[in-house]
Amino acid sequence: MQRYQLTAANSSLAIFVLAFATIAGALIFERLGYPPCDLCLEQRTAYYVGVPLAAVVYLLARAGLPGALLRLGFWILALIFVANMILAIYHSGVEAQLWKGPTACTGSGLAPGDAGDLLKQLETTKVVRCDAVNLRVFGLSLANWNIFISGALAALGARAALGRAR
């Protein structure tokens, strides 16, 4: 197996493991009683796409496919996690009250209507707020942690795409 394919396999495996551990951790926290807000759920999409893609890139590298195809996979991974890092920065700013977030998770979440409808909505609507931190780990919210994790995953993908992974 060529040198780039070996380093590509190692890099894609590292991305897979880190991304899988991250999404698994988020799901564990949810099961422990920390429900995600809408922005948290949006951030999970990168992991739902990135984990299987990293696995595919790993399998392609192990199969000895051409470096150009592997590089394309790594660039896609890098872009996915750069976009997710930007979303996590946005969410962190919403949490810190630096700017407003989506009204679906920072407003009341209730639709206008008559008083009877309002009472029914109050009974059935449970909004997990995007502008309130439900859990901090070592002083950082999960959105804060996602900035660093997504940034690291994007850097790993870009480094591997450039052929500089070791």
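Here are a few things to note about the model shown:
- Sole residue being within 23 Å of Gly93 (Cα to Cα) and touching a residue at least 24 places away in the same chain (Cβ under 8 Å), chosen from Leu70, Leu39, Leu65: Leu39
- The set of residues in the range 67-111 being farther than 19 Å from Ala158 by Cβ, surrounded by 15 or more Cβ atoms within 10 Å (Cβ to Cβ) and among the aromatic types (Phe, Trp, Tyr) consists of Tyr90 alone.
- Which listed residue, of Gly33, Gly50, Gly64, Gly25, is under 20 Å from the mean Cα position of the chain (by Cα) and exposed (fewer than 13 other Cβ atoms within 10 Å of the Cβ): Gly33
- Every pair of residues 6+ apart whose Cβ atoms lie under 9 Å, when the first sits in the range 125-150 and is free of Cβ contacts under 8 Å to residues at least 24 places away in the same chain while the second is surrounded by fewer than 14 Cβ atoms within 10 Å (Cβ to Cβ) and among the aromatic types (Phe, Trp, Tyr): Leu140/Phe148; Trp145/Phe138
- Count of residues meeting criterion [touching a helix residue (DSSP H, G or I) at 6+ places or on another chain (Cβ under 8 Å) and modelled with pLDDT of 90 or more] in the range 126-148: 4
- Only residues that are touching a Ser or Thr at 6+ places or on another chain (Cβ under 7 Å) and aliphatic (A, V, I, L, M) were counted in the range 75-93, giving 2.
- The single residue among Leu79, Leu39 that is modelled with pLDDT of 85 or more, closer than 21 Å to Ser150 by Cα and in contact with a His (Cβ under 6 Å, 6 or more places away or on another chain) turns out to be Leu39.
- When Arg159 is tested against (1) at pLDDT below 85; (2) over 22 Å from Phe29 (Cα atoms); (3) of a type outside the set (A, V, I, L, M), just one condition goes unmet, and that condition is (1).
The values are calculated or read from the model by the stated rules, or taken from the named source; none is laboratory data. All of these numbers come straight from a predicted model, not from anything done at the bench. When we count neighbours, we look across all protein chains shown, and the Cβ atoms used for this are built from the backbone with ideal geometry, even at glycine.
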